[in-house]
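Here's the structure we're looking at; comments come further down.
The values are calculated or read from the model by the stated rules, or taken from the named source; none is laboratory data. Predicted model only: the values in this text are computed from it and were never measured. For neighbour counting, all protein chains shown are included, and Cβ atoms are generated from backbone atoms with ideal geometry for every residue, glycine included. Surface areas here come from the heavy atoms of the whole protein model, side chains and all, with no ligands, DNA or RNA. Shrake-Rupley method; radii C 1.70, N 1.55, O 1.52, S 1.80 Å.
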Amino acid sequence: MGNTQQRPILITGAGRRIGLALAHHFLNQHQPVIVSYRTEYGSIEGLRRAGAVCIQADFSTDAGILDFADNVKSATGGLRAIVHNASAWQAEKPGTPLSETLAAMMQIHVHAPYLLNHALQDLLCGHGHAASDIIHFTDYVVERGSDKHIAYAASKAALDNMTRSFARKLAPEVKVNAIAPSLIMFNDDDDAEYRQKALNKSLMKIAPGEKEVIDLIDYLLTSCYVTGRSFGVDGGRPLN
Ligand SMILES: NC(=O)C1=CN([C@@H]2O[C@H](COP(=O)(O)OP(=O)(O)OC[C@H]3O[C@@H](n4cnc5c(N)ncnc54)[C@H](OP(=O)(O)O)[C@@H]3O)[C@@H](O)[C@H]2O)C=CC1
Ligand SMILES: Nc1nc2c(c(=O)[nH]1)N=C([C@H](O)[C@@H](O)CO)CN2
């Protein structure tokens with residue numbers, strides 16, 4: 001029986017992969033969940049059947065972001081946490097104007113968290129010391145850059161910086177932390193050569209899967225003290 005007194009956890013971009021696994025993780029614990037999704041995968045109906053509130057949203061415009069925020073405020077009077085998971089891993093590529101790539105990366109990794117944190121802060125506040133959390137998914141490339149995903153890395157670096165800004169703005173009621181993964185899980189179209197090359201970049205030589213970040217999120221939600229920090233989940237890649 002779900003606890004109807006619990007404030008829901010909001011996860012953006014939860015239609016697939018890490019966000020989807022995280023949503024089911026919380027639902028299995030009878031923790032209420034609200035998710036955003038852009039594409040209506042079959043997984044969305046599964047989330048609804050499991051009790052999630054699923055709200056369609058495209059963050060490619062500020063209006064889309066703010067409409068989503070309004071829909072969240074209509075759905076709940078409070079939030080336990082916001083997990084900014086929605087993301088696009090876009091490389092610079094011939095035929096796509098650089099300004100288009102840069103704008104798209106800043107839109108999803110900076111505009112969405114920035115506008116949603118401001119629009120929804122009143123749902124996070126007012127519940128006591130360290131009673132709420134914001135978690136930003138950044139990336140290992142924040143600390144070293146990327147020659148093939150320059151705009152992506154820059155936008156994630158901005159999100160990393162906002163982690164500290166929002167931690168300062170919202171303490172002590174809301175903790176704000178970042179998770180900076182390297183390889184967690186492959187994409188279906190990653191070929192064998194790419195996979196082996198990617199595995200070799202870390203000391204641990206594995207793609208650990210969603211549980212690795214879910215376990216860290218569980219820890220961050222239990223903390224009454226940790227805020228303004230970034231947690232690398234990268235298999236020792238910086239040491240390789
Ligand atoms: N997977 C990995 O190995 C790594 C992941 N990370 C980070 O972890 C997080 C989760 O990764 P992963 O599960 O692979 O993420 P995905 O690449 O699968 O993207 C997650 C979701 O974001 C949604 N999304 C993308 N653009 C928009 C938009 N404009 N509006 C609304 N939703 C959008 C996608 O929706 P749709 O499906 O409709 O396109 C997708 O469902 C991300 O922030 C990622 O950067 C960092 C390093 C490694
Ligand atoms: N939104 C996404 N961001 C990232 C992904 C992804 O699939 N979606 N994947 C990676 C890689 O796994 C990289 O960390 C290792 O090659 C990075 N970001």
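Heavy-atom accessible area per residue, the chain, 1.4 Å probe: how many Å²?
Averaged over the residues of the chain, the accessible area is 50 Å².
For the chain, with a Gaussian network of springs between Cα atoms less than 10 Å apart, report the residue from Val174, Val226, Val72 with the top mean-square fluctuation.
Val226
Tally Lys and Arg at +1 and Asp and Glu at -1 over the other residues with C-beta under 15 Å from the C-beta of Asp139: what net charge comes out?
Surrounding charge for Asp139 is +1.
Could the peptides 121-128, 39-46, 229-236, 78-85 be put in order, highest first, of the mean number of other beta-carbon atoms found within 10 Å of their residues?
78-85, 229-236, 121-128, 39-46
Using alpha-carbon positions, what is the distance between the centroids of the stretch 176-240 and the stretch 19-52, in Å?
Rounded to whole Å, the Cα centres lie 22 Å apart.
In whole Hz and in residue order, list the ³J(HN,Hα) couplings for the stretch 83-90 that follow from phi through the Karplus curve 6.51 cos²θ - 1.76 cosθ + 1.60, θ = phi - 60°; x for Gly and Pro.
Ordered by residue, 3J(HN,Hα) equals 10, 8, 9, 3, 6, 9, 9, 9 Hz.
Taking amide H atoms as placed 1.01 Å from N in the peptide plane, list the residues 5 or more away in sequence, or in a different chain, whose amide H sits under 5 Å from that of Ile179.
Here the answer is His136, Phe137, Thr138, Phe231, since their amide H atoms fall under 5 Å of that of Ile179.
Over 23 Å between Cα atoms: which of Lys73/Lys169; Lys156/Lys201; Lys73/Lys156; Lys148/Lys169; Lys93/Lys156; Lys73/Lys175 fall into that group?
The answer is Lys73/Lys156; Lys148/Lys169.
Taking the mean number of other Cβ atoms within 10 Å as a proxy for protection, how do you rank 155-162, 57-64 from highest to lowest?
By packing density, highest mean first, the sequence is 155-162, 57-64.
Using helices alone, what [θ] at 222 nm do you get for the chain, with -39,500 (n - 2.57) per DSSP H run of 4 or more residues, divided over all residues and rounded to the nearest 500?
-12500 deg cm²/dmol
What's the extension gain from Arg48 to Gln5 if we count 0.36 nm per residue and subtract their Cα-Cα distance?
Stretched out fully, the Arg48 to Gln5 stretch lengthens by 13.6 nm.
Counting only protein heavy atoms and using a 1.4 Å probe, what share of the accessible area of the stretch 60-126 belongs to carbon plus sulfur, as a whole percent?
57 percent
Could you pull out every residue, at least 5 positions away or on a different chain, whose amide H is within less than 5 Å of the one on Gly15? Hs are placed 1.01 Å off N in the peptide plane, and Pro or chain starts have none.
Distant-sequence amide H within range of Gly15: Arg38.
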